[in-house]
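Enquirer: Sharing a structure, written as structure tokens. Questions coming.
The values are calculated or read from the model by the stated rules, or taken from the named source; none is laboratory data. Predicted model only: the values in this text are computed from it and were never measured. Virtual Cβ from ideal backbone geometry, glycine too; neighbours counted across all protein chains shown.
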Amino acid sequence: MNKKILIAAAAAAAVLGVAVKLVFFRSPFLYAGTLEATNVDLSSRLSSPIAEVVPQEGDRVTQGEVVVRLLCDDVKVAADLADINYRRGLRLFKNGTISPDTMDQIRNRKEDSDVHLSWCAIRSPINGTVLSRYHEPGELVGPGTKLLTLANIKDIWAYIYVPQPLVASLHPGERLIGYLPEMGMRPFEGHILKINDEAEFTPKNVQTRAERERLVFGVKVSFLGSNDREILKPGMTIEVALPQ
């Protein structure tokens, strides 16, 4: 009898322990999102053949670095002529031969040509990585033609979709923790950048029908400042825990 009582007591203690763990030590529910980086598209402002595309896809570029050069033969001729006219006009203006209004017009034409000439060297606006290269040297491009896409990998973020009842407890700037499954659930600190104004149905890529039919709010979580070593990359899945 004593043995049976001990076995029963042990079983009861085990059940109680499991119950306590489930109630008080439950792992938080994690909301999965796909990481994306802030992309910048570089386009031509002029119509010209391409002289050189400096970086290859995957190369790092720095802010202010020339990444594409255009031939711009017509622009260079116009800039040289405007410079000659400006220097000539300056001498005539000092001699009193031309009026201030005429000199202003000559100066404006030179400044305008200088601006167009600067557009022939396209510079990177950010420190980033070249994601896509769309054209090669010798190709003729026009204004607005996309030449390169850059990404700031350190400025990385993901959207998670939170059920409507939980959104009221969240606010922009709030600290959240994301976990990277590929690295044994390594934590990365993030913060809420934006909460969408309107509810929507859970995106179709969520697997279960029950989850797809819920109304949710998109919450944009930024990991800027936590990705200096660029461990997080676009396309990875990050799992985010909400505050308890």
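Enquirer: At pLDDT 90 or above and not charged (D, E, K, R): does that describe residue 203?
Expert: no
Enquirer: Which one of these is under 21 Å from residue 41 (Cβ atoms), crowded, with 20+ Cβ neighbours inside 10 Å, in contact with a Gly (Cβ under 8 Å, 6 or more places away or on another chain) and touching a residue at least 12 places away in the same chain (Cβ under 8 Å): 176, 150?
Expert: Going through 176, 150 in turn, just one is under 21 Å from residue 41 (Cβ atoms), crowded, with 20+ Cβ neighbours inside 10 Å, in contact with a Gly (Cβ under 8 Å, 6 or more places away or on another chain) and touching a residue at least 12 places away in the same chain (Cβ under 8 Å): 150.
Enquirer: Of the residues 141, 162, only one is of a type in the set (A, V, I, L, M, F, W, C) and touching a Phe, Trp or Tyr at 6+ places or on another chain (Cβ under 8 Å); which?
Expert: Just one listed residue meets the conditions, 162.
Enquirer: Quick check, is residue 31 among the hydroxyl-bearing types (Ser, Thr, Tyr), at pLDDT 90 or above and in a helix (DSSP H, G or I)?
Expert: No; evaluated as a whole, the condition is false for this residue.
Enquirer: Tell me, which strands (runs of 3 or more DSSP E) lie completely within the range 99-169 with 1 or more residues that are within 14 Å of the chain's Cα centre (by Cα) and closer than 27 Å to residue 179 by Cβ?
Expert: Where strands (runs of 3 or more DSSP E) fall fully within the range 99-169 and carry at least 1 residues being within 14 Å of the chain's Cα centre (by Cα) and closer than 27 Å to residue 179 by Cβ, they are 128-133, 146-163.
Enquirer: Here's another thing I want to ask about it. Within the range 116-138, is even one residue in contact with a helix residue (DSSP H, G or I) (Cβ under 6 Å, 6 or more places away or on another chain), within 28 Å of residue 52 (Cβ to Cβ) and free of Cβ contacts under 8 Å to residues at least 60 places away in the same chain?
Expert: There is at least one residue in the range 116-138 that is in contact with a helix residue (DSSP H, G or I) (Cβ under 6 Å, 6 or more places away or on another chain), within 28 Å of residue 52 (Cβ to Cβ) and free of Cβ contacts under 8 Å to residues at least 60 places away in the same chain.
Enquirer: Tell me, yes or no, whether the range 111-128 has at least one residue that is touching a Pro at 6+ places or on another chain (Cβ under 9 Å) and either closer than 30 Å to residue 214 by Cβ or surrounded by 17 or more Cβ atoms within 10 Å (Cβ to Cβ) (or both).
Expert: Within the range 111-128, one or more residues are touching a Pro at 6+ places or on another chain (Cβ under 9 Å) and either closer than 30 Å to residue 214 by Cβ or surrounded by 17 or more Cβ atoms within 10 Å (Cβ to Cβ) (or both).
Enquirer: Continuing with this model, one more query. What's the number of the only condition in (1) surrounded by fewer than 16 Cβ atoms within 10 Å (Cβ to Cβ); (2) modelled with pLDDT of 95 or more that residue 58 fails to meet?
Expert: It is condition (2) that residue 58 fails.
Enquirer: Next question. Is there a residue being closer than 27 Å to residue 232 by Cβ, free of Cβ contacts under 8 Å to residues at least 60 places away in the same chain and surrounded by fewer than 13 Cβ atoms within 10 Å (Cβ to Cβ) anywhere in the range 27-49?
Expert: yes
Enquirer: Can you name the residue in the range 61-87 that is of a type in the set (Val, Ile, Thr) and surrounded by 16 or more Cβ atoms within 10 Å (Cβ to Cβ) and is also nearest to residue 129 (Cα to Cα) among such residues?
Expert: This residue is 61.
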